Structures are given as structure tokens and as C-alpha cells.
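Scroll down for the structure; my scribbles are underneath it.
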Amino acid sequence: MSFQNLKVERIEDQLMITLSKLYPIHKPDALVKIGEKKWSMSDNYIENGDKIYNFEIRPDDTWVVTYPRSGTTLMQELVWLVANDMNFDEAQRRTLSDRFPFIDMEILSDSQEMLTIMSNKEKKNIDKYTVKFVQNQLSPRFIKSHLPLELLPTVINSDCKIIYVARNPKDVVVSYYNFQKDYKLYQYQGTFEQFCNNFMDNHVHYSPYWEHIKEAWAMRHKANLLFLFYEDLIKDLPAIIKTIAVFFDKAYSNEQIVKLMEHLKIENFRKNPMVNQPSPRSVMEPKQFVRKGKVNAWKETFTPEIEEKFNKWIADNLKDTDLRFPN
């Protein structure tokens, strides 16, 4: 399917009014539904989405693709170091956003929106948040996206490396709520319960969550796609490092693996200015961008009522698939 043939739907008036109250800095019609699966996207996708949909892939590209708040930043740093011979010196000199840029910024916000939340220093570097900046990276390129694989057709139809990370939706929704509340590009004003309802009803960016995960799960046997669970990353990091090393035809000593584990430890990761920075970096505190990194942290936030509703939603969406999350 061509980009021009993607179905675009505007949301109904009542939902538009509700969402505009929850996100007062956005235009009332800022959310659109894209394609047959009705992916929730900023309306900037209509104007700029073709740049990613038709993105020219190189065979030596590496893409990390996730639903938001699924351990993306941790996986980016892990993948970059494994693929680049554990080059900690360069990793400590260059920011992760330069080494492993986020291709989605142009579809999340237009240039004017970006300028209003950027510092004067960052305004001079606004080109860093464009698809063109990613396109012009030297090979081998490392690229991050939260887009569903359906909206990355040149990626999935290529032989480049794809690492997809899935995370328990209960932990995702807690982390996504805190992110949208603190991040100036969203400035979410509602309650956690309202956010949970919108998450389950597919009215937050990049939803529907289950379609996002299931698409990648269905492709997990492709030789160039590595499907991983965030929970396994936390439970057995050495095993995941070795798995990714094999994926890149690399081999490392136990000492090198231990050094990488220490580098990725959440306490060190949070203090690392080269990785702990949203894009653009100045709009939220580091402690808000890299938060707890825990498994089952949802138990600290969910009410019994929300948990019951989530359990039913999860059971309904897993009944016709063999997808199962660890624990």
C-alpha cells in the first residue's frame, strides 16, 4: 500500500472535546487515526509521515522499535555498544540522540510546536529532530522509532537489523502516564484512571498497543528481526547481551559483559548525561525521563478497580494468540 492510500480518520467531536481538555496545549483536532488498524497519531503524520513510510533503508541499518516506554533507551545504548565493539569512549563523548536518533519527531510535532519548548541553544540545532538528519547519518546507522511495523514498510521489507522490545502493558501505562504528564510536548492534565481508559481505548499516540505488539510477534521468526521482552532484559541481562551479540555476529568476554552491565545499571544510567535526555533534552528532568526501570512497578499505582479492568482487557486480547509475557 502507498502512503497516499492510507486511510485517515478524524476523531468524533465529543472525543475531540474530551482530549482537548486533557491536552490543552494541543489543537482540538490534534489526534487522527491512520490505516485500517486506526493507529493513533498526531495530525502532523498526515503531512510528514511519508518521509518515514518511504524511508530509504541501507542494508547495514539497525532499528530499535518499541511501543513507547518499553525500555527503548536502555536497549538503544545496549545495542549500540554491542554493535560497536564496546566503544565506551565514544559513548561517553557523544549523546545517544546523536548516535541513535529518534526518527519520529517530525510526526509528533510541527516545527513551531518544537520551537516553543526548546531552549535557545537547541533552537539552533532543530535540524537534529528531522527525518533528513537521520537519513544523512553515516553508515552504519542506528535508528529508533515507536511506529508500528505496518507504518515502517521499507524497514520490514528489507534485510536490515530490527530489534523489537515488548513490555507488560501495566508497567507501560504507568510509565507513559508519568511521561506525558511531565513532558512539555504533551502536558497531560487528566487523572491516571482517565489515562488508563484512553490507553485501553486506543486514544493515546501509537496505539492500539496490542496491534503494535502482535505485529512484531507475528514476524519474530524473520532472520533479521529480534523480538525481546523488557522483563527478560531486567531478569537476565547477561543472557540478553549475549543474544544481541550473536545477532550482530559479535563475541565478548565475561569481563566486557560485566562492564556493560555496570554501565547499564539503572542507577548509573540515570546519572549518565549522554543517555538520560529526552528529545529535546531540556523539557523535563532526567529523573522523569529515565524513571525506575522496574518490573511490576504498576503495583505501586494501580487501584483494585483499575487492575480488574486491565486484567480483563489483557485476557481479551491474549485469548487468540500465543503471545505471553514473562511472569
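The values are calculated or read from the model by the stated rules, or taken from the named source; none is laboratory data. In this text the structure is predicted, and so the values were computed from the model without any measurement. All Cβ positions, glycine included, derive from the backbone under ideal geometry; neighbour counts span all protein chains shown. Ligands, DNA and RNA are stripped out before the accessible areas are found, and what is left, the full protein with its side chains, is counted by its heavy atoms. Shrake-Rupley method; radii C 1.70, N 1.55, O 1.52, S 1.80 Å.
General observations
- Cα→Cβ-extended label distance, 7 Å offset, between Glu90 and Asp236, nm: 3.1
- With every protein chain in place, segment 227-273: carbon and sulfur % of accessible area (1.4 Å): 55
- Distance from segment 13-63 to segment 64-106 (C-alpha centre basis), Å: 23
- Simple point charges give the picture: +1 on the Cβ of Lys and Arg, -1 on the Cβ of Asp and Glu, and for the chain a dipole about the Cα centre of about 720 debye.
- Extension gain for the segment Thr321 to Val246, taken as residue separation times 0.36 nm less the Cα-Cα distance, is 24.2 nm to one decimal.
- With a threshold of 31 Å on the Cα-Cα distance, the over-threshold entries among Lys51/Lys181; Lys38/Lys181; Lys250/Lys319; Lys170/Lys242 are Lys250/Lys319.
- Relative contact order %, the chain, counting alpha carbon pairs below 8 Å whose residues are six or more apart: 23
- Here the label points at Asn157 and Gln4, each 7 Å from Cα along the C-beta direction, are separated by 1.6 nm in the simple model.
- Among 31-42, 307-318, the order from most to least packed when residues are scored by Cβ within 10 Å on average: 31-42, 307-318
- For the pair Ser139 and Asp50, a Förster radius of 22 Å applied to the C-beta separation gives a FRET efficiency near 0.45, rounded to the nearest 0.05.
- Legend: calculated FRET efficiency, Met16 to Met274, from the Cβ-Cβ distance at R0 = 45 Å, rounded to 0.05, equals 0.65.
- Per-pair calculated FRET efficiency, R0 = 45 Å: Glu262 and Ile25 via Cβ, rounded to 0.05: 0.70
- Of the residues Pro140, Tyr209, Asn268, the one whose Cα sits farthest toward the positive end of the charge dipole of segment 56-319, with +1 on the Cβ of Lys and Arg and -1 on the Cβ of Asp and Glu, is Asn268.
- Label separation (Tyr183 vs Ala218): 2.6 nm, computed from points 7 Å beyond Cα along the C-beta direction.
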